[in-house]
Amino acid sequence: MGRLEMSGSYPLTDEGIDEVLTRTSPGNYALGYMDGNTFMVFYVGRSDSDVRHRLHEWVGAPSCSDRYAPSTKAPWGAHQRQSLPLDVPALARVGIGADSSYRRFAYSYAPSAEAAYEKEWRNYDDFGGSDGLDNAAPPSPRREVPGECVEQRT
């Protein structure tokens, strides 16, 4: 299994995003939940122009998938190297009756849209593709349209 090679995880809130992403740049991201001290990845994506803006679009948005698996079925986890702040909620499981929005994110800047696209493919393949992730489709070379959910693209 490959490495995610991103910074994080951080709270998927407007404040959390603004605190850690300080520039406009293409980049990649992973969305998920905390299971104890482990970041459980359920979705990988990219922005061809502004990863910070793209992450803001995910704040409070429900998952594009109907699958809400226990965190033990996530295809990848990364142990935290430091303890989390006490006021950060952690979910042990994602299930029926639970908030279906993602809680945490990891990110990396990319030097170009092409580099972000290539990294998105590596992450998608390394962490299970649509069988292991909530991503309903493989990465598309098409640049994102603001406000459009990745899975709704054709």
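The values are calculated or read from the model by the stated rules, or taken from the named source; none is laboratory data. Keep in mind the model is a prediction, meaning the values are calculated, not measured. Quick reminder, even Gly has a Cβ in these numbers, built from the backbone with ideal geometry, and neighbours come from all protein chains shown.
Quick check: anything in the range 19-33 out of contact with any strand residue (DSSP E or B) (no Cβ under 9 Å at 6 or more places or on another chain), surrounded by fewer than 16 Cβ atoms within 10 Å (Cβ to Cβ) and modelled with pLDDT of 90 or more? Within the range 19-33 (the criterion being out of contact with any strand residue (DSSP E or B) (no Cβ under 9 Å at 6 or more places or on another chain), surrounded by fewer than 16 Cβ atoms within 10 Å (Cβ to Cβ) and modelled with pLDDT of 90 or more), the answer is yes, since at least one residue qualifies. Number of residues in the range 1-57 that are in a strand (DSSP E or B) and not polar (S, T, N, Q): the value is 19. Residues of the range 105-138 that are among the aromatic types (Phe, Trp, Tyr), part of a helix (DSSP H, G or I) and out of contact with any Asp or Glu (no Cβ under 9 Å at 6 or more places or on another chain): Trp121, Tyr124. Of all the residues in the range 90-122, those that are over 21 Å from Asn37 (Cα atoms) and either among the small types (Gly, Ala, Ser) or modelled with pLDDT of 85 or more (or both) number 15. Take the conditions modelled with pLDDT under 90 and of a type in the set (A, V, I, L, M, F, W, C) and apply them to Val59. Does it pass? Considered against the rule, which asks whether it is modelled with pLDDT under 90 and of a type in the set (A, V, I, L, M, F, W, C), Val59 comes out as no. Among Arg54, Arg46, which is of a type in the set (D, E, K, R), at pLDDT 95 or above, in contact with a Ser or Thr (Cβ under 8 Å, 6 or more places away or on another chain) and closer than 21 Å to Ser130 by Cβ? None of the others qualify; the one that does is Arg54.
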